[in-house]
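The values are calculated or read from the model by the stated rules, or taken from the named source; none is laboratory data. All of these numbers come straight from a predicted model, not from anything done at the bench. Cβ sites come from the backbone with ideal geometry, for glycine too, and all protein chains shown count toward neighbours.
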Amino acid sequence: MKFPGSHILSIDQFERGDVERLFEVADRMRPYAHRQRITRVLEGAILGSMFFEPSTRTRISFGSAFNLLGGEVRETTGFETTAIAKGESLFDTARVLSGYSDVIAMRHPEEGSVREFAQGSRVPVINGGDGSNEHPTQALLDLYTIRSELMSRGRGLDGLRIAMVGDLRYGRTVHSLSRLLLLYQPVHVHLVAPPELRMPAEITEALRSAGHEVIETEALEQGIAGVDIVYSTRIQEERFASREEADLYRGRLRLNQSVYTANCEPNTVIMHPLPRDSRAGAQELDVDLNDNPNLAIFRQSDNGVLVRMALFALILDVADQVDTHARDVNWFTERRF
Ligand code: NCD
């Protein structure tokens, strides 16, 4: 893939070399993300951030990543504050807003909407999630996290064994992550979901055709045994016809410390794209795992900044200039990690 000027709409755009290039740039972003150095490489550049669905991590980490590279962020959240509420098309909105920005990050509840928007945009558009379809930057930060967690345990990605747990039907993060895994050597994938919330057959078939071993089960205990990574997900309540329907599945696949101890191998990494649903009936990842050193969920959300910085640097073609526009910080920066 040619990064400079490209839209990032689907994980299918990436080849393995692109992922490696992105991760290598992301590694170099660490001193900036950790506030040891400042770079102004994107000084004067503007990110248009358009989020038409709830978002905390994705929206803020896109914005922080752009700020950390020296650029500015213009935010739009919710349809009601835009002319889309007056009937303006995505194409026209894109045409207009791309006149005010150098790059746009967008989230929208409908599948395919970000692609439609990109057709009207005169600047690169990054998909921050389109309905239950895709969330490519999340998949990249997830794989970056898997790689660094395994490296810290003296392992590589080869022979990866991963369990994806929860709402695999509507969860766009697991859709994109599964597609990204197609680029790697045969991996072992356990898909743990109620029958109604299984991974779309098209993705399961693509995994099998790529030579991956795929095991589908409803049983959490069986699914999380013998894997390196447990990737838990939230029931995507907003995609169901009613809250009552979502309630049927909430809390069914609940990982807590005792289930972990009884079934997982020592050092199994626990991931989740977040938000985890911490309401009483849900708790897909119980708070009693908070002291478990293998709970990687906050390292994972931190990595979102590194990966999004790298993506901006590559799309705007400044990856090799970041360090030449840098200096040390002059404020107190000690952090507890
Ligand atoms: C996910 C999303 O929006 O798809 N969150 C995120 O971006 N980290 C997962 C979710 O909402 O459950």
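Considering only residues that are β-branched (Val, Ile, Thr) and within 15 Å of Ile203 (Cβ to Cβ), look in the stretch 151-180 and name the one that is surrounded by the fewest Cβ atoms within 10 Å (Cβ to Cβ).
Kept after step one, since they are β-branched (Val, Ile, Thr), are these residues of the stretch 151-180: 162, 165, 173-174.
Now drop any that are not within 15 Å of Ile203 (Cβ to Cβ), which leaves 162, 173-174.
Values: Ile162: 22, Thr173: 26, Val174: 27.
The qualifying residue surrounded by the fewest Cβ atoms within 10 Å (Cβ to Cβ) is Ile162.
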Lone unmet requirement of (1) assigned to a helix (DSSP H, G or I); (2) under 30 Å from Arg276 (Cβ atoms) for Ala94: (2)
Count of residues meeting criterion [near the ligand (Cβ under 9 Å from one of its atoms) and either assigned to a strand (DSSP E or B) or surrounded by 24 or more Cβ atoms within 10 Å (Cβ to Cβ) (or both)] in the stretch 126-138: 5
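So, Val123, is that one β-branched (Val, Ile, Thr), within 16 Å of the ligand (Cβ to nearest atom) and within 26 Å of Gly17 (Cβ to Cβ) or not? Spell out the reasoning first.
Numbers: β-branched (Val, Ile, Thr): yes; within 16 Å of the ligand (Cβ to nearest atom): no; within 26 Å of Gly17 (Cβ to Cβ): yes.
It is false that Val123 is β-branched (Val, Ile, Thr), within 16 Å of the ligand (Cβ to nearest atom) and within 26 Å of Gly17 (Cβ to Cβ).
Per-residue answers, yes or no, for (1) in contact with a strand residue (DSSP E or B) (Cβ under 9 Å, 6 or more places away or on another chain); (2) at pLDDT below 95:
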{"residue": "Met106", "(1), (2)": "yes, no"}
{"residue": "Pro124", "(1), (2)": "yes, no"}
{"residue": "Asn127", "(1), (2)": "yes, no"}
{"residue": "Ser132", "(1), (2)": "no, no"}
{"residue": "Gly154", "(1), (2)": "no, yes"}
Considering residues of the stretch 307-327 that are buried (at least 20 other Cβ atoms within 10 Å of the Cβ) and among the small types (Gly, Ala, Ser) only, the residue nearest to Ser101 (Cα to Cα): Ala313
Conditions (1) closer than 23 Å to Val307 by Cβ; (2) more than 12 Å from the ligand (Cβ to nearest atom); (3) surrounded by 19 or more Cβ atoms within 10 Å (Cβ to Cβ): number failed by Leu191: (1)
Single residue of the stretch 282-305 satisfying the filter (of a type outside the set (S, T, N, Q), more than 16 Å from the ligand (Cβ to nearest atom) and part of a loop (DSSP other than H, G, I, E, B)) that is farthest from Arg147 (Cα to Cα): Asp286
Selection count where residues are within 12 Å of the ligand (Cβ to nearest atom) and not in a loop (DSSP other than H, G, I, E, B), scope the stretch 151-174: 3
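For (1) surrounded by 24 or more Cβ atoms within 10 Å (Cβ to Cβ); (2) not acidic (Asp, Glu), each residue gets a yes or a no:
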{"position": "Leu140", "(1), (2)": "yes, yes"}
{"position": "Glu149", "(1), (2)": "no, no"}
{"position": "Leu182", "(1), (2)": "no, yes"}
{"position": "Arg198", "(1), (2)": "no, yes"}
{"position": "Ala201", "(1), (2)": "no, yes"}
{"position": "Glu205", "(1), (2)": "no, no"}
The lone exception for Gly166 - which of (1) farther than 21 Å from Leu289 by Cα; (2) among the small types (Gly, Ala, Ser); (3) in contact with a Phe, Trp or Tyr (Cβ under 9 Å, 6 or more places away or on another chain) it fails: (1)
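Kindly indicate whether any position in the stretch 32-44 is part of a helix (DSSP H, G or I) and either at pLDDT 95 or above or within 16 Å of the ligand (Cβ to nearest atom) (or both). Give the steps one after another, and end with the answer.
The initial filter retains those residues of the stretch 32-44 that are part of a helix (DSSP H, G or I), namely 32-33.
Of the ones still in play, those that are also either at pLDDT 95 or above or within 16 Å of the ligand (Cβ to nearest atom) (or both) are 32-33.
Within the stretch 32-44, one or more residues are part of a helix (DSSP H, G or I) and either at pLDDT 95 or above or within 16 Å of the ligand (Cβ to nearest atom) (or both).
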The stretch 217-244 - residue that is touching a helix residue (DSSP H, G or I) at 6+ places or on another chain (Cβ under 7 Å) and either modelled with pLDDT under 95 or charged (D, E, K, R) (or both) and, of those, surrounded by the most Cβ atoms within 10 Å (Cβ to Cβ): Asp228
Evaluation of Val259 against (1) touching a residue at least 12 places away in the same chain (Cβ under 8 Å); (2) outside any loop (DSSP other than H, G, I, E, B); (3) closer than 16 Å to Ala282 by Cβ; (4) within 16 Å of the ligand (Cβ to nearest atom) (one fails), failing number: (4)
Of all residues in the stretch 90-120 being among the aromatic types (Phe, Trp, Tyr) and within 18 Å of Phe62 (Cβ to Cβ), the one that is nearest to the ligand (Cβ to nearest atom): Phe117
Within the stretch 45-62, considering residues that are part of a loop (DSSP other than H, G, I, E, B) and within 20 Å of Gly99 (Cα to Cα), the one farthest from the ligand (Cβ to nearest atom): Ala45
